[in-house]
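Q: Dumping the structure here so I can ask a few things about it.
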There are 2 protein chains.
Amino acid sequence: MNLIILFPDDFLDPQRVRLTGRRLAHVRDTHRAVLGDSLNVGLLAGLMGTGLITRLDEEALEMDVALDQPPPPKLPLTLVLALPRPKVLNRVLASAASLGVAHIHLINAWKVEKSYWKSPRMAEENLHHQRLLGLEQAKDTVLPELHIHRLFRPFVEDVLPTIVEGTQALVGHPGAPEPCPRHIHQPITLAVGPEGGWIEAELASLIRAGFCPVDLGPRILRTETAVAALVGRLF
Amino acid sequence: MNLIILFPDDFLDPQRVRLTGRRLAHVRDTHRAVLGDSLNVGLLAGLMGTGLITRLDEEALEMDVALDQPPPPKLPLTLVLALPRPKVLNRVLASAASLGVAHIHLINAWKVEKSYWKSPRMAEENLHHQRLLGLEQAKDTVLPELHIHRLFRPFVEDVLPTIVEGTQALVGHPGAPEPCPRHIHQPITLAVGPEGGWIEAELASLIRAGFCPVDLGPRILRTETAVAALVGRLF
C-alpha cells in the first residue's frame with residue numbers, strides 16, 4: 001500500500017480523517033507507523049498528499065491531511081478483455097489499474113467458460129476492491145472505469161464502434177501479417193482474447209468493428225503479463 | 001499448459017513417451033483430450049513438436065512424438081532482481097520465463113526482509129517448477145538460467161561487472177533525469193529493486209558497476225508487472 005485511499009466518509013472535518021479496518025491494520029502491521037509519521041494519502045477520484053498521524057491505536061488511525069497534488073495521468077487506453085478465469089481476473093484488474101488503464105470492458109467470448117460469469121469474484125464489491133488495490137500500489141486515486149457485457153454480439157455491433165472511434169484499435173492474433181506497433185501517440189483500444197484465443201467469427205466481428213489484427217510474437221502470455229507487456233510497448 | 005514439457009526419463013524409446021502425475025492429470029482434466037488427439041510437446045532444453053495420444057487412462061498418458069521445431073529465441077536480457085516476497089517470487093519467475101528472459105539473478109538488498117531467504121519457495125525444486133510453468137505457458141523449452149546471490153556487495157563488486165560487460169545496464173530509479181529508453185537493439189542488463197526501492201548506497205554501487213539510472217514514471221508497479229512492462233518497452 002504505497003498510497004492510502006481516502007473516502008468521503010473518512011473525513012471528520014475537511015482536514016482530518018479517521019480510518020479503521022483494513023487500512024488501520026495495514027498501517028499498524030505492515031507500515032509499522034507511529035504517532036507523528038507522515039503517510040501518502042489520496043482522496044478517491046481526487047487529490048493526493050500527506051497524512052500526519054495524530055492518533056494510532058487498536059481502534060483507529062487519525063491523520064491531519066493536506067491534499068494538493070493531482071494523481072498521475074491515465075493512459076489513453078481502453079482494454080476490451082475476454083473475461084479471464086476468476087483467479088486471473090483479480091490480478092488483471094489490479095495490474096491494469098496500477099498501469100493507469102483508463103477503461104476496461106469485460107466481455108464474453110466463445111472460449112470463456114460460462115462458470116466464470118457466476119464466480120463470486122464478479123461481485124461488484126470485489127471488482128471495486130481489486131481496482132482499488134491497483135491504485136494503492138501505483139499511487140493513483142482514479143479508478144479505471146469498468147463495464148461488463150455479458151453478450152458478445154450486441155457489444156461488438158452496437159457499443160464497440162463508438163468506443164473505437166478516434167482510437168487505434170488493435171487485437172492480438174497469432175500469425176497476423178502486421179507486428180504489434182510500438183510507442184503510439186494516440187488513444188488505443190486493445191482487445192485481449194481468452195485463453196485459447198478468439199474464434200474466427202469473433203475475430204471477423206472485431207475487424208468489422210474497426211480492429212486491426214496484430215501479431216504479438218511466438219510466446220503465449222498469461223493475460224496479466226500480456227497486458228503489462230503491451231502497455232510497455234504501446235506507450 | 002500450452003506446451004507439455006518432456007524430460008529424458010519420459011522416453012520409452014526415441015519416439016515414444018509415457019507420462020504420469022501432474023501432466024497426466026492436466027491432459028485428462030483440463031485439456032480433456034482423448035485417444036488420437038495431438039498435443040503440443042517439447043523436450044526440456046530441446047526441440048518442440050507434437051505428441052499423438054496412443055494411450056490415455058488413469059495410470060498413464062502415452063504419445064508418439066515428433067520433435068522438429070526449435071523453441072522461440074530468448075530475449076538478450078539479464079534480470080538482476082532484489083529477492084521479492086515469496087508469493088511474488090513465484091509469479092515473477094513464471095512470468096519472466098514466459099517472457100523469454102535469458103538469465104535471472106536473485107540478489108539481496110537492504111529492504112529485502114531476511115525471512116524471504118528462508119521461505120520454502122526458495123527450495124531448488126520450487127525455483128525450477130515456477131520457471132517450468134512459464135515455459136509451459138509460453139511454449140518454450142529453455143529455462144531461464146537462475147543464479148542466487150545471498151550477499152549484495154560481493155555480487156555487485158565481483159560478479160556484476162562481468163555480467164554487465166557488452167550490455168546496456170539499466171536500473172530503475174524514481175526521479176532519474178533519463179527516462180527509460182525503448183526498443184533497444186542490444187543486450188540489456190536490468191536491475192529491479194525491492195518493494196521500497198534501493199537505498200542510496202546500493203544505487204551508488206550499481207552505478208559504479210556500470211548501470212545507468214532511468215526514470216520509470218510516476219507509477220509504482222508490482223515487480224511482476226514492472227518486469228513485463230519493461231520487457232514490452234525495451235524489446
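No value in this document is a laboratory result; all are computed from the given coordinates. All values reported here derive from a predicted model rather than from experimental measurement. Heads up, the Cβs are rebuilt from the backbone with ideal geometry, glycines too, and the neighbour counts pull from every protein chain shown.
Q: So what J values fall out for region B:137-142 if you push phi through Karplus, 6.51 cos²θ - 1.76 cosθ + 1.60 with θ = phi - 60°, rounded to Hz, Gly and Pro as x?
A: Here the 3J(HN,Hα) series is 5, 8, 6, 9, 10, 9 Hz.
Q: If amide H atoms are built 1.01 Å from N in the plane of the peptide, which residues on other chains or at least 5 residues away come under 5 Å of the amide H of B:Arg16?
A: Those qualifying (amide H under 5 Å, at least 5 residues apart or on another chain) are B:Val65.
Q: Can you list residues whose amide H is under 5 Å from B:Asp37's amide H, if they're 5+ apart or on another chain and H is modeled 1.01 Å from N?
A: Under 5 Å from the amide H of B:Asp37 lie the amide H atoms of B:Ile53, each far enough along the sequence or on another chain.
Q: B:Leu170's amide H: which non-local residues (gap 5+, or another chain) put their own amide H closer than 5 Å, with H modeled 1.01 Å from N in plane and none for Pro or chain starts?
A: Residues meeting the criterion, in which the H sits 1.01 Å from N, are B:Thr189, B:Leu190, B:Ala191, B:Cys212.
Q: Give the nm distances, rounded to one decimal, from B:Lys87 to the matching residue in every other copy, measuring between label points 7 Å along Cα toward the beta carbon; shortest first.
A: So the label point of B:Lys87 gives 1.4 nm to the other copies.
Q: Oh, and also: If I model region A:4-69 as equal point scatterers sitting on the Cα atoms and use the Debye formula, what is log10 I(q)/I(0) at q = 0.13, 0.16, 0.24 Å⁻¹?
A: -0.28, -0.43, -1.02
Q: Of the peptides B:8-16, A:77-85, A:100-108, how do they stack up when ordered by the mean number of other Cβ atoms within 10 Å, highest first?
A: The densest-packed peptide leads the list: A:77-85, A:100-108, B:8-16.
Q: Please work out the Cα center distance from region A:1-78 to region A:143-207, rounded to the nearest Å.
A: That distance is 36 Å.
Q: Output the 0 to 90 degree angle, nearest 10, between the alpha-carbon long axis of helix A:86-99 and the longest principal axis computed from the alpha carbons of chain A.
A: Once rounded, one gets 70 degrees.
Q: Please turn the phi angles of region B:104-110 into ³J(HN,Hα) values with the Karplus equation 6.51 cos²θ - 1.76 cosθ + 1.60 (θ = phi - 60°), one per residue in order, whole Hz, x for glycine and proline.
A: Per residue, the Karplus-derived 3J(HN,Hα) values read 10, 10, 8, 10, 7, 7, 3 Hz.
Q: Same structure again: How big is the shadow of the Cα convex hull of region B:93-166, averaged over all directions, in nm²? Intermediate results must be reported in sequence, preceding the final value.
A: On the way: hull surface 22.5 nm².
One quarter of the hull surface, i.e. the mean projection, equals 5.6 nm².
Q: Let me know the mean shielding of A:210-221 by other chains, meaning the per-residue number of their Cβ atoms within 10 Å of its Cβ.
A: Neighbouring Cβ atoms belonging to other protein chains average 4 per residue here.
Q: Measuring nothing but label to label, 7 Å from Cα along Cα→Cβ, what are A:Ala201's distances to the other copies in nm, shortest first?
A: 6.6
Q: At a Cα cut-off below 13 Å, give the aspartates and glutamates reachable from B:Lys74, other chains included and same-chain residues fewer than 8 away excluded.
A: Leaving aside aspartates and glutamates fewer than 8 places away in the same chain, those within reach of B:Lys74 are B:Asp140, B:Glu145.
Q: Work out Dmax and Rg for region A:135-218 from the C-alpha atoms and quote the Rg first, both in angstrom.
A: 14.3, 40
Q: I'd like the Karplus ³J(HN,Hα) series for region A:201-213: coefficients 6.51, -1.76, 1.60, θ = phi - 60°, whole numbers in Hz, and an x wherever there's a Gly or Pro.
A: Here the 3J(HN,Hα) series is 5, 5, 4, 4, 5, 5, 5, 4, 7, x, 7, 9, x Hz.
Q: Here is a further query. Please report the relative contact order for region B:4-69, taking Cα pairs under 8 Å with a sequence separation of at least 6, and give it as a percent rounded to a whole number.
A: 34 percent.
Q: I'm a student and want to see the number: the projected area of the Cα convex hull of the protein assembly as shown, averaged over all directions, in nm².
A: That works out to 24.5 nm², a quarter of the Cα hull's surface.
Q: A follow-up question, please. How far, in degrees from 0 to 90, does helix A:223-234 lean away from the longest principal axis of the Cα atoms of chain A, to the nearest 10?
A: 90 degrees
Q: I've got another one for you. Note down the magnitude of the dipole of region B:75-234 about its Cα centre, charges +1 on Lys and Arg C-beta and -1 on Asp and Glu C-beta and zero elsewhere, to the nearest 20 debye.
A: 440 debye
Q: Moving to a separate point now. From Cα pairs below 8 angstrom and at least 6 apart in sequence, can you work out the relative contact order of chain A, rounded to a whole percent?
A: Values: 443 pairs, mean separation 47.2, N = 235.
Averaging sequence separation for qualifying contacts and normalising by length gives 20 percent for chain A.
Q: Among the aspartates and glutamates, which have Cα under 17 Å from the Cα of A:Lys111 when same-chain residues fewer than 8 positions away are ignored?
A: List returned: A:Glu195, A:Glu200, A:Glu202, B:Asp29.
Q: Starting from the Cα coordinates of region A:87-235, work out the convex hull volume and express it per residue in Å³.
A: Each residue corresponds to 113 Å³ of Cα convex hull volume.
Q: B:Ala123 label points, 7 Å along Cα→Cβ, one per copy: pairwise distances from this copy to the rest in nm, shortest first?
A: Nearest to farthest, the other copies are at 3.4 nm.
Q: Order these peptides, B:190-199, A:135-144, by their mean beta-carbon neighbour count within 10 angstrom, highest first.
A: A:135-144, B:190-199
Q: Whole number please: convex hull volume per residue, Cα atoms of region B:14-156, in Å³.
A: Considering the Cα atoms of region B:14-156, their hull volume per residue is 118 Å³.
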